[in-house]
Structure formats: C-alpha cells, structure tokens
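Some notes on the structure that comes next.
Every number here is computed from the coordinates shown, using simple stated rules; none is lab data. Here the structure is a predicted model, which means the values were calculated and not measured. So basically every Cβ, Gly included, is an ideal-geometry build from the backbone, and we count neighbours across all protein chains shown.
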Amino acid sequence: MSILVKKDVTEFVMEDAIALAQELDRYEATVKLIKDKLKAFVTLNGPIEANGKVWDFQPSSSWKFTSENLKVLSGLIAFEGKNPFDYLTLSSTAIKKLNWTDEILAMYGTKEAGSSSFRAVKKENYKK
C-alpha cells in the first residue's frame, strides 16, 4: 500500500496528489484486466461463486419505441386520464440533437443542475 494512502490529506502537496492519481490509474487498469479475464472464464465455463456473490452475465433490457408508436402510446396514456408528458420526456441526447441554445430551451423549461462524478477525463476534454 502506498505511503500516500497512509498520509493525512492535509499533509499532501501537489506531487502527492499526482502520485495518487497515477496509482489510481494503475489500479483501475488492473481491475479492468482482471474483469476481462473473469468475463472470459465465465464465458467458457459458466458462472462462479465467490464471497457470497455470483459472477455471471446479468441480463438487462430497455424499451425502444418508434416515433409513430410514441404518438400511439401518448394517446393511450391520455385515454387513461393521465398527462402523457408526465411519462414521456426529452432525453439529454434528444435535446443535444435539436442543437437549440440554452436561451430557447429556457423559454420552455428550467435547467437543472446535473450531478457530478469524480473521475478522470482526457485533458483536451476537460471542462471546469
């Protein structure tokens, strides 16, 4: 374990923080490698149990609707006496595709503060 982990963060200098970030990159690369190997093993041999957990491919699903069927669904929702727009919203991806300015969007809605996640991004993609 790194001496940096044993130090109190109030004693850190920039070089310590950089060393921690570099160490974290190494750990994350190691975890990815381990997961890839475990996925390959499970693909070949089936699920495994370790520490009370089962490692296997867990199914996930989502629904996709054509725009025409979304119209039909909105009618069905309205028929049930509900407001379809309480259920059907514009995703952030859809809003980006519209390429509208914040000023235009602000005329019809409010911008909510998004969540923030602690992660590394490439320097050229970094936004403060």
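Just a few scattered comments:
- With θ taken as phi - 60° and the Karplus curve 6.51 cos²θ - 1.76 cosθ + 1.60 applied, the whole-hertz 3J(HN,Hα) list for region 21-37 is 4, 5, 5, 4, 4, 5, 4, 5, 5, 5, 4, 4, 4, 4, 4, 4, 5 Hz, x standing for glycine and proline.
- Farthest towards the positive end of the charge dipole of region 73-128, among the residues 89, 100, 79, is the Cα of 100, using unit charges on the Cβ of Lys, Arg, Asp and Glu.
- Max mean-square fluctuation residue, GNM over the chain, Cα-Cα springs under 10 Å, options 102, 25, 36: 102
- In order along region 71-80, the Karplus-derived 3J(HN,Hα) couplings, from 6.51 cos²θ - 1.76 cosθ + 1.60 at θ = phi - 60°, round to 4, 4, 4, 4, x, 5, 5, 5, 4, 7 Hz, and Gly and Pro are given as x.
- Qualifying GluC sites (Glu not before Pro) in region 42-128, DSSP loop, other Cβ atoms within 10 Å at most 11: 80, 112
- Listed values [x] 15.8, 57; [y] 14.3, 42; [z] 23.6, 65, entry calculated as Rg and Dmax of the Cα atoms in Å: [z]
- Three-way shape call for region 58-112 based on the alpha-carbon gyration tensor, with the a/c threshold at 1.5: oblate
- Rounded FRET efficiency, nearest 0.05, which uses the C-beta distance separating residue 127 from residue 7 and R0 of 30 Å: 0.50
- Restriction of the trypsin sites (Lys or Arg not before Pro) in region 41-84 to DSSP coil positions whose beta-carbon has at most 16 other beta-carbons within 10 angstrom yields 64, 82.
- Among the listed pairs 39/127; 64/96; 37/64; 37/128; 39/97, a Cα-Cα separation exceeding 27 Å is found for 39/127; 37/64; 37/128; 39/97.
- Residues within the reach of a label modelled at residue 20 (point 7 angstrom out along Cα to beta-carbon, backbone nitrogen below 20 Å), restricted to region 108-128, are 116-123.
- The chain, dipole about Cα centre (Lys/Arg Cβ +1, Asp/Glu Cβ -1), debye to the nearest 20: 340
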